[in-house]
1. Please identify every one of the trypsin sites (Lys or Arg not before Pro) in the range A:148-194 that sits in a loop by DSSP and has no more than 12 other beta carbons within 10 Å of its own beta carbon.
2. Neighbouring Cβ atoms within 10 Å as the yardstick, rank B:His207, B:His326, A:His292 fewest first.
3. Can you pull the one-decimal nm distance between simple spin-label points at A:Ser48 and B:Asp234, each 7 Å off the Cα toward Cβ?
4. List A:Trp339, B:Trp311 from most exposed to least, where exposure is judged by having the fewest other Cβ atoms within 10 Å.
5. A:Asn231: net charge of surrounding residues, Cβ under 14 Å, Lys/Arg +1, Asp/Glu -1, itself excluded?
6. With a sphere of radius 14 Å drawn around the Cβ of A:Thr89, what net charge do the other residues whose Cβ falls strictly inside it have (Lys, Arg +1; Asp, Glu -1)?
7. Give, in nm to one decimal, the length gained when the segment between B:Ile318 and B:Glu264 is fully stretched (0.36 nm per residue of separation minus the Cα-Cα distance).
8. For A:Lys288, list the lysines whose Cα falls under 17 Å from its own Cα; do not include residues on the same chain fewer than 8 positions away.
Amino acid sequence: MQKELSVDLKAVRNVRLIFLALLLLIVILLILDIFLGSVNIKASEVISAIFNNSNSNYETIILKFRLPKAITALVVGVALSLSGLQMQTVFRNPMAGPYVLGISSGASLGVAFVILGFSSNIAPESLNGLGNWILVVASWVGAGAVMLLIMVISSRVKDIMTVLILGIMLSSGISAIVTIMQYFSNETMLKAYVIWTMGSLGNLTSGQLNVLLISVLAGVILSLFSSKMLNALLIGENYAGSLGLNVRFARAVIFICTSILAGSVTAFCGPIGFIGIAVPHIVRIIFKTSDHKILIPGTILMGGAIMLVSDIISQLPGSESVLPVNAVTSLIGIPVVIWVILRKRNYSGSF
Amino acid sequence: MRKDIKEILSLDSLKIGYFSGKNENVLLPPLTASADSGELIAVIGKNGIGKSTLLRTLTGLQQPLGGEIFYSGKNIRDYSRMELAHKVGYISTEIVRVSNMSVYDMVALGRFPHTNWIGKIEKTDHEKIMDAIEKTSMKRFCRKFVSELSDGERQKVMIARILAQDTGIMVMDEPTAFLDIAARYEILHLLHLLSGSSNKTIIFSTHDLQMAISQSDKIWLLLDDRLIEGAPEDLMIAGAFDHLFDSSTVIFNSDNGTFSFRSENRGTIYLDGKNSKRYWTEKAINRAGFSVSNEMTSTYIILPSESNSKWQLSAKSIVREFKSIHELITCLDKEVMST
């Protein structure tokens, strides 16, 4: 018994140590992300731009562009990874994620309705105040609709791969609808939408960043409340029900939480792939646990860190060009996903 | 020995089944039965009769279509999900596959109804978890992942999980279904132990009739037209198990709880000998389709004794000796074939 408890304490200490290391890593990456970019700025000038009101060009670049972009990257990473973790548990499917199951597509359909459908002359950049909220709510509704559909499908179809294929079909169907909408829209609407689909972390106005921050914060708080439910859902709905969980309520909470997290990100940054599916697996490998009391904070930290790394890479430090961040996240995420598929023995059957 | 024998569960004209569209699909006639604390109850019935549905309904995972279920005298409809989770635990036939879940974490899930909103494991929870792990003798697997265990070990972990849930009643749907013989008896032994020493009421479904008859305190026998409950021996005497089998092919022997196949009698044979060798030779001869006669017959067998270690078969004009029952039966089959 004595030995058992000491093993427990050691495990707890290890987990805390990793959390601390990840936190430190995020701080370092945040600083790096601000210091590095297409325009070479000396470190001393970055510091003076942040702390002194020098009103130089550099200050504009740092405070108006790099800093918000770094914060956006952090928030996007947290939100996508967290929604991926929740979806993997609630669907008991290691391949679940907002991008692969078409949740992001659903969100973009919501955005398309706002940009292409109703207002003829607003571009996302010109949206402010209420407009931002309209955009984000439309995105939630779109994400939620697809999520609901996937939930209905996965309650009938138990096979992981079938659900996955249906998710891909759903995404394709939604892009087809959006294409049709594009065909019938005018030039300004089209331009606004195309710019939006390119997806970027750097195009957010401060108003949009605020909306994103508030939404993701709400999602994070909700997800902390869901950790006990997620643990029970790991062993299936029947067992969770027999443990006293109100399964319908739990599903609703997680459904809302995921729609908010994935929807908000998609509303302002476009569809960003493979972070949501890959990060939870990386976290499981590091912590070797299925306990969401550890996985949720772990995913928040790791998601933020990996998205910051993606952003740093996408700026191609030292060069003048910038890569689309979506390409970078795919290149980081896809190997993880492939590795999970190939290591299927441990993930066989259900999740 | 048990001090507090009391009725902990009772079913009153319970109707179970599914809603298919607007229609009620009632599986069995109204069921009336009861369970006392510390009883090991086997639910027996043919496939598809509604054993799983009954167990799911008892656990509250499925609504009854009619009738009542009472836990400690209180109607199941008056319990909240959480309150019910303090009364009854459940193991389904579903094999749980979760990666990266340690045995400890799986058992800790049993504390779900007892922990706070975030699921924090307090000292008392930890003690209950370790106690459950020890009672199922899984302590050395504590840090192992559930996915690395054998079928039998995993089932023990599932049992530890409901032990940690600390319910008076445990409902298990075919807990021994996919286990090998050794694990099967180990699990049954564990159930027996828990119902006895920990005073748990365990209701489990099984297809293993002989195991159920020899180990359980009570049997709920589900037949197409009724539920018969009672001690296995009561049911044996009443000949209740005969209803389970197609009597044209299987004979259930209510004297000793064994069953045999009905086959045409190929003749009678006299056995000369005694003790266990006689018992097993008789069984083998029965299996080959012969009956044993008490009087001398034209075909007879002299069993091994101190002076002779071989079986001696005398039939018609030949006399042969065999080293084993297997050889004896093979020859017997041939002899009869040839006539």
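1. Numbers: sites: A:Arg156, A:Lys158, A:Lys191; in loops: A:Lys158.
Sites meeting the loop and neighbour criteria: A:Lys158.
2. Values: B:His207 14, B:His326 10, A:His292 26.
So the ranking, lowest neighbour count to highest, is B:His326, B:His207, A:His292.
3. 9.6
4. Values: A:Trp339 13, B:Trp311 23.
With the fewest neighbours first, A:Trp339, B:Trp311 line up as A:Trp339, B:Trp311.
5. On the way: positive: A:Arg92, A:Lys228, A:Arg284, A:Lys293, B:Arg111, B:Lys120, B:Arg161; negative: A:Glu237, A:Asp291, B:Asp105, B:Asp125.
Taking every other residue near A:Asn231 into account, the sum is +3.
6. Working: positive: A:Arg92, A:Lys228, A:Arg251, A:Arg284, A:Lys293, B:Arg97; negative: A:Glu237, A:Asp291, B:Asp105.
Net charge around A:Thr89: +3.
7. So the extension gain works out to 17.0 nm.
8. A:Lys10, A:Lys344, B:Lys144
Each value in this text was obtained by applying a stated rule to the coordinates, not by laboratory testing. Keep in mind that what you see is a predicted model, and the values were worked out from it rather than measured. Ideal geometry is used to build each Cβ from the backbone, glycine not excepted, and the neighbour counts take in all protein chains shown.
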